[in-house]
Amino acid sequence: AQTVTQSQPEMSVQEAETVTLSCTYDTSESDYYLFWYKQPPSRQMILVIRQEAYKQQNATENRFSVNFQKAAKSFSLKISDSQLGDAAMYFCAYRSFDNYQLIWGAGTKLIIKP
Amino acid sequence: GAVVSQHPSRVICKSGTSVKIECRSLDFQATTMFWYRQFPKKSLMLMATSNEGSKATYEQGVEKDKFLINHASLTLSTLTVTSAHPEDSSFYICSAASGNYEQYFGPGTRLTVT
């Protein structure tokens, strides 16, 4: 069975600086997807970034980028130029290539210091 | 596109009564819908998966007689918490998926049982 581990319950960063959130996973599959979701205080789940395992290129979305290391089963999220609006819970999630179900990490609370 | 709504956003009910939560996909047809429960500062816990026109598949430990799920159409799924008790108080989130296996999340419903 697949598992997702987020080892940082909480991280803090100064506004405008860069922060990296860690995620590792375990799977025997070769094709899958990885996601980072943001859950702000409103509790609406927002998709931040999506990575297909068969793509070697790391996904980026504006200030958000990932470092995907398939062999190491690592999928970290880098947030550049942190903004106050980035404060939220961040969840890493795994999905098999041909399955709907998401496997969730425990989450990391990100605090932005003004 | 890919908007999912939930109603109500908040509900307070008395112990012993039942409460229904609706989940709608507004601009796409959802072949599969998911219901999650989220405890404070915790990750999402999958309760059940429902496919339109068929019985829901419940995760281990979830009481199917307490949490009734109906997926009557391709745009609507309902979760009914029957004979609610204070320990059922939680944040409930639905998601809807179309043919591309991506899940789109509703804004959640906060249930308080007094």
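Miscellaneous remarks
- Scanning segment A:24-47 for residues that are over 19 Å from residue B:105 (Cβ atoms) and touching a residue at least 40 places away in the same chain (Cβ under 8 Å) yields A:24, A:25, A:26, A:27, A:29, A:31, A:32.
- Within segment B:23-60, being surrounded by fewer than 16 Cβ atoms within 10 Å (Cβ to Cβ) and either closer than 15 Å to residue B:4 by Cβ or touching a helix residue (DSSP H, G or I) at 6+ places or on another chain (Cβ under 7 Å) (or both) holds for B:26, B:27, B:29.
- Residues of segment A:11-46 classified as part of a strand (DSSP E or B), surrounded by fewer than 12 Cβ atoms within 10 Å (Cβ to Cβ) and within 10 Å of chain B (Cβ to nearest Cβ), total: 0
- Of everything in segment B:1-12 that is outside any strand (DSSP E or B) and at pLDDT 95 or above, the residue that is farthest from residue A:90 (Cα to Cα) is B:8.
- Filtering B:41, B:14, B:55, B:66 for residues that are among the basic types (Lys, Arg) and at the interface with another protein chain (Cβ under 10 Å from one of its Cβ atoms) leaves a single hit, B:41.
- Count of residues meeting criterion [of a type outside the set (Phe, Trp, Tyr), away from every other protein chain (no Cβ under 11 Å) and in contact with a Phe, Trp or Tyr (Cβ under 8 Å, 6 or more places away or on another chain)] in segment B:18-38: 4
- Test set (1) more than 14 Å from chain A (Cβ to nearest Cβ); (2) part of a strand (DSSP E or B) - residue B:110 fails condition number: (1)
The values are calculated or read from the model by the stated rules, or taken from the named source; none is laboratory data. None of these values were measured; they are calculated from a predicted model. Glycine also receives a Cβ, built like all others from the backbone with ideal geometry; neighbour counts cover every protein chain displayed.
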